[in-house]
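As structure tokens, the structure follows; a few thoughts come after it.
Just so it is clear, none of the values below were taken in a lab; they were calculated from the coordinates. Because the structure is predicted, anything quoted here is derived from the model rather than measured. For neighbour counting, all protein chains shown are included, and Cβ atoms are generated from backbone atoms with ideal geometry for every residue, glycine included.
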Amino acid sequence: MVASSPTKSAFSLGSYLLSDGPAGFMLSWVAGFVDTSAFIILFGIFTAHVTGNIALAGYEFVQSDEESTITHLLMFPAFMVAVAATSLLARYARKKQWPVFAVLLTAEAIALTVFLIVGVTFSPALMFDIQEEYILPIGIAGVIAMAIQNALMKEAKGVFKSYIPTTVMTGNTTQLTIDLVQIAVSKLAPAGDEKAALASAEATERLGRVVPILIGFALGGLGATYFVLISETWWSLVIPVIVISFMAVVAFSEHSKTVSNEG
């Protein structure tokens, strides 16, 4: 009995860390950190909120800044190619009966490591001048990493109760507001209204998954602002690498325990 207790505890901890709240918080924290870091260092490149680059490209086009326009526009196809590659990897992993979530987390950890290396290599040249030839490779490397995270939220079926974005908060904020309205309206419903009670319960449950993601993204952005602006170091991107690598290890461990238990 004593010998089996640690195993049970480890399993419960791993399952908890990969559940919607903790996993969503960690993933959104990474997205907030990476997106804010890149935006500051790369003079306005979005890596997680990739569609924001289209808006900036339109502004730069009007300003006749052709190089910046092209740089921002290239983030979009880079994102699409990375999502496609991630989807193919997920399909291959399912075919081989590998743990899809763990495999995609590993792919993201590798991509973030490449982003870190490329950033450390080229960012010193950006300290005193905006040079698109250096911004482009760093930006694409970051977009690829965040594209993998976007795709894994869709492809990791069965891990999360439902799809909730961890890289773009507009939809999450909208859902949060709608759910708060639903809860408020349900409170005003007549006693015994089962439909209103069910809708309120669903909204409350959804809030428990959306709120950690919003908080995680905000804290990630704050963390990046501190490390990039105050510490003035690109090496701070090693923190997201560690977080995602940790999640990948836990995911592989949980898969191994599940297979062992089934065996």
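I'd like the distance between the alpha-carbon centres of segment 132-177 and segment 204-227, rounded to an integer number of Å.
Their Cα centres are 14 Å away from one another.
Run the quick spin-label model on E133 and Y163: label points 7 Å from Cα toward the beta carbon, then report their separation in nm to one decimal.
So the label points at E133 and Y163 sit 4.0 nm apart.
Using a Gaussian network model of the chain with C-alpha springs under 10 Å, which one of V168, V100, V185 is most mobile by mean-square fluctuation?
Looking only at V168, V100, V185, the biggest GNM fluctuation is shown by V185.
Please state the shape class of segment 171-263: rounded when a/c is under 1.5, otherwise prolate if a/b exceeds b/c and oblate if not, all from the C-alpha gyration tensor.
Oblate is the answer for segment 171-263, as a/c is 1.5 or above yet b/c matches or exceeds a/b.
By how many degrees, 0 to 90 and rounded to 10, does the Cα axis of helix 5-17 deviate from the longest principal axis of the chain?
The answer is roughly 50 degrees.
For L88, what charge total do you get from the other residues with a beta carbon under 14 Å from its beta carbon, if Lys and Arg give +1 and Asp and Glu give -1?
Local net charge: +4.
At 7 Å along Cα-to-Cβ for each site, give me the label-to-label distance between T173 and E262 in nm.
Result: 4.1 nm between the two label points.
Have a look at A93, A248, A38 and tell me which one the Gaussian network model of the chain (Cα, springs below 10 Å) gives the largest fluctuation.
Its mean-square fluctuation being the largest, the pick is A93.
Largest first and in whole Å, what are the equivalent-ellipsoid semi-axes of segment 92-181 based on the Cα gyration tensor, each being the root of 5 times an eigenvalue?
Semi-axes (√(5λ), whole Å): 31, 22, 8.
When the chain is fully extended, how far beyond the present Cα-Cα distance does E66 get from A184, taking 0.36 nm per residue of separation?
37.5 nm
Show that you can apply the helix-only estimate: for the chain, add -39,500 (n - 2.57) for every DSSP H stretch of four or more residues, divide by all residues, and state [θ] at 222 nm to the nearest 500.
Value at 222 nm, helices only: -26500 deg cm²/dmol.
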